[in-house]
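J.: Take this structure, written in structure tokens, and hold onto it; I'll ask about it next.
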Amino acid sequence: MGKKDNDSADWSPKEIYTMLQKKDGEGPIGLSPKKAYEVMSKNPQAVMIDIRSTMEHLMIGHPRDAIHIPWLDEPEWTPNPRFVTSVREVLLGGLLGEGEDDPPVVVLICRSGRRSMEAAKVLIDAGINNVFHVDSGFEGPLDDKHHRSTQAGWRFEDLPWQQC
């Protein structure tokens, strides 16, 4: 498999699976929002999980069809002790796809990419290896006026999202 950047290449589901198996402890692979959307569109077994707090998910908005499993949530703001179990439940045990041409992948998204990287590492440590994260998150970084969604992120890229 040749080297491809995560914005311009067309990755087949099998290439995604192979790439994930070869990363050898490098940590979760970050995808741009557009590449994450493409991966989700091309792999019917892919799952996007919004790991933000319940209030963020409901009030700020979230990618359409994302499953909400908070990584950190009020009132304690500590890691969700059921996070890995909840993701395994979504994946029906987390072992689907071994050796398949179109294995399921998990794409995590948070506000700016930091929490999704943390949560992805926990999933990988728990043996769920088919994990990506959206590197700029749903809202992206703060700009010089302390606003989000002005430089990067799912919403900035005008990808499908909804708000309650």
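The values are calculated or read from the model by the stated rules, or taken from the named source; none is laboratory data. Here the structure is a predicted model, which is why all the values come from computation and not from measurement. All Cβ positions, glycine included, derive from the backbone under ideal geometry; neighbour counts span all protein chains shown.
J.: Test Ser116 against the stated conditions and say whether it is modelled with pLDDT of 90 or more and over 16 Å from Ser86 (Cβ atoms).
T.: Values: modelled with pLDDT of 90 or more: yes; over 16 Å from Ser86 (Cβ atoms): no.
For Ser116, the condition - modelled with pLDDT of 90 or more and over 16 Å from Ser86 (Cβ atoms) - is not met.
J.: Quick check: anything in region 97-107 of a type outside the set (Gly, Ala, Ser), under 17 Å from Val39 (Cα atoms) and modelled with pLDDT of 90 or more? Walk me through how you get there before you give the answer.
T.: As a first pass, look at region 97-107 and keep what is of a type outside the set (Gly, Ala, Ser): 98, 100-107.
This time we only want the ones that are under 17 Å from Val39 (Cα atoms), so: 100-107.
Checking which are modelled with pLDDT of 90 or more leaves us with 106-107.
Looking for residues that are of a type outside the set (Gly, Ala, Ser), under 17 Å from Val39 (Cα atoms) and modelled with pLDDT of 90 or more, one finds at least one in region 97-107, hence yes.
J.: Quick check, is Arg111 of a type in the set (Lys, Arg) and either in contact with a helix residue (DSSP H, G or I) (Cβ under 9 Å, 6 or more places away or on another chain) or over 24 Å from Cys164 (Cα atoms) (or both)? Explain how you work it out, then say what you get.
T.: Numbers: of a type in the set (Lys, Arg): yes; either in contact with a helix residue (DSSP H, G or I) (Cβ under 9 Å, 6 or more places away or on another chain) or over 24 Å from Cys164 (Cα atoms) (or both): yes.
Yes; evaluated as a whole, the condition is true for this residue.
J.: With respect to Ser86, determine if the residue is of a type outside the set (Val, Ile, Thr), at pLDDT 90 or above and not in a loop (DSSP other than H, G, I, E, B). Break it down into steps so the answer makes sense when it comes.
T.: Numbers: of a type outside the set (Val, Ile, Thr): yes; at pLDDT 90 or above: yes; not in a loop (DSSP other than H, G, I, E, B): yes.
Answer is yes for this residue.
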